[in-house]
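The values are calculated or read from the model by the stated rules, or taken from the named source; none is laboratory data. Computed from a predicted structure; not experimentally measured. Cβ placement follows ideal geometry from the backbone for every residue including glycine, while neighbour counts extend to all protein chains displayed.
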Amino acid sequence: DAGVTQSPTHLIKTRGQHVTLRCSPISGHKSVSWYQQVLGQGPQFIFQYYEKEERGRGNFPDRFSARQFPNYSSELNVNALLLGDSALYLCASSLESGFLGDTQYFGPGTRLTVL
Amino acid sequence: DAKTTQPNSMESNEEEPVHLPCNHSTISGTDYIHWYRQLPSQGPEYVIHGLTSNVNNRMASLAIAEDRKSSTLILHRATLRDAAVYYCILRDFREGDDKIIFGKGTRLHILP
């Protein structure tokens with residue numbers, strides 16, 4: 001079975017640009033979460049979506065937005081990119097709400113570099 | 001916010017047991033304790049989780065203190081492939097937000 005897939009694997013953008021990152025969850029999983037991991041630090045929670053609705057939001061500015069589609073895939077959008085947005089963006093899927101004991105399965109991530 | 005505290009790094013010899021501690025003094029009654037690990041250049045990987053009782057699986061064991069304010073991940077026989085950053089995670093649910101907070105993690109070094 002295919003695991004969580006993310007695209008693209010690497011991306012280079014310049015300050016002020018917009019970026020869209022994509023995630024396909026494991027088949028049958030309804031919940032998708034997004035994390036940002038800056039080099040040398042642990043992942044920071046950005047969003048969780050379940051059944052196409054936002055279920056959780058971390059402390060990120062409004063430049064960050066996301067959505068989940070009817071097939072449960074998800075997009076993370078970041079507007080007006082800053083140098084500090086350079087990071088590994090991780091997507092995780094889970095069967096149900098994403099926590100309360102449910103296991104999250106992570107994708108390999110998208111490495112975003114902002115110049 | 002619920003938070004975890006872990007040592008920055010630990011070292012262990014190959015084929016010996018490893019005990020990775022985590023403190024979570026602000027844990028609430030319904031929070032689950034999860035452990036994930038992240039190998040170099042990979043996304044985090046689930047290791048184990050529990051609520052109140054100790055748990056075992058093929059990868060590791062999780063020992064949870066009676067007051068639930070701390071837990072310990074136990075690798076029974078470390079191998080070189082266990083070298084990774086280990087994260088202790090709590091679910092933080094306040095005001096309708098389903099926040100998930102990673103600890104800073106413990107970098108585990110395995111010596112051959």
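Before we move on, is B:R58 at pLDDT below 95 and over 30 Å from A:T5 (Cβ atoms)? No; evaluated as a whole, the condition is false for this residue.
Of everything in the stretch A:23-63, what is buried (at least 16 other Cβ atoms within 10 Å of the Cβ), more than 9 Å from chain B (Cβ to nearest Cβ) and either assigned to a strand (DSSP E or B) or among the aromatic types (F, W, Y) (or both)? Give them in sequence order. The answer is A:C23, A:S24, A:S31, A:V32, A:W34, A:Q36, A:I46, A:F47, A:Y49, A:F60.
Could you tell me which residue of the stretch B:31-41 is farthest from the other protein chains (Cβ to nearest Cβ), considering only residues that are modelled with pLDDT under 90 and farther than 20 Å from B:A63 by Cβ? That would be B:P40.
Of the residues in the stretch A:64-95, how many are assigned to a helix (DSSP H, G or I) and loosely packed, with under 14 Cβ neighbours inside 10 Å? Please lay out each step first, then the result.
Let us first name the residues in the stretch A:64-95 that are assigned to a helix (DSSP H, G or I), namely A:83-85.
Now restrict to residues that are loosely packed, with under 14 Cβ neighbours inside 10 Å: A:83-84.
Number satisfying all stated conditions: 2.
Of all residues in the stretch B:45-57, those that are within 11 Å of B:R68 (Cβ to Cβ) and within 9 Å of chain A (Cβ to nearest Cβ) have Cβ atoms under 9 Å from Cβ atoms of residues that are buried (at least 19 other Cβ atoms within 10 Å of the Cβ) and modelled with pLDDT under 90, 6 or more apart or on another chain, in B:G50/B:I33; B:G50/B:H34; B:L51/B:D31; B:L51/B:I33. In the stretch B:1-67, counting only strands (runs of 3 or more DSSP E) that sit wholly within it, the ones holding 1 or more residues that are aromatic (F, W, Y) span B:33-38, B:45-50. All conditions but one from (1) more than 9 Å from chain B (Cβ to nearest Cβ); (2) without any contact (Cβ under 8 Å) to a residue 24 or more places away in the chain apply to A:V114; the one that does not is (2).
In this structure, does A:T14 turn out to be more than 10 Å from chain B (Cβ to nearest Cβ), over 25 Å from B:K3 (Cα atoms), in contact with a strand residue (DSSP E or B) (Cβ under 6 Å, 6 or more places away or on another chain) and hydroxyl-bearing (S, T, Y)? Spelling it out, it is not the case that A:T14 is more than 10 Å from chain B (Cβ to nearest Cβ), over 25 Å from B:K3 (Cα atoms), in contact with a strand residue (DSSP E or B) (Cβ under 6 Å, 6 or more places away or on another chain) and hydroxyl-bearing (S, T, Y). Being within 14 Å of the chain's Cα centre (by Cα), within 25 Å of A:S94 (Cα to Cα) and without any contact (Cβ under 8 Å) to a residue 60 or more places away in the chain holds for only one residue in B:H24, B:H34, and it is B:H34.
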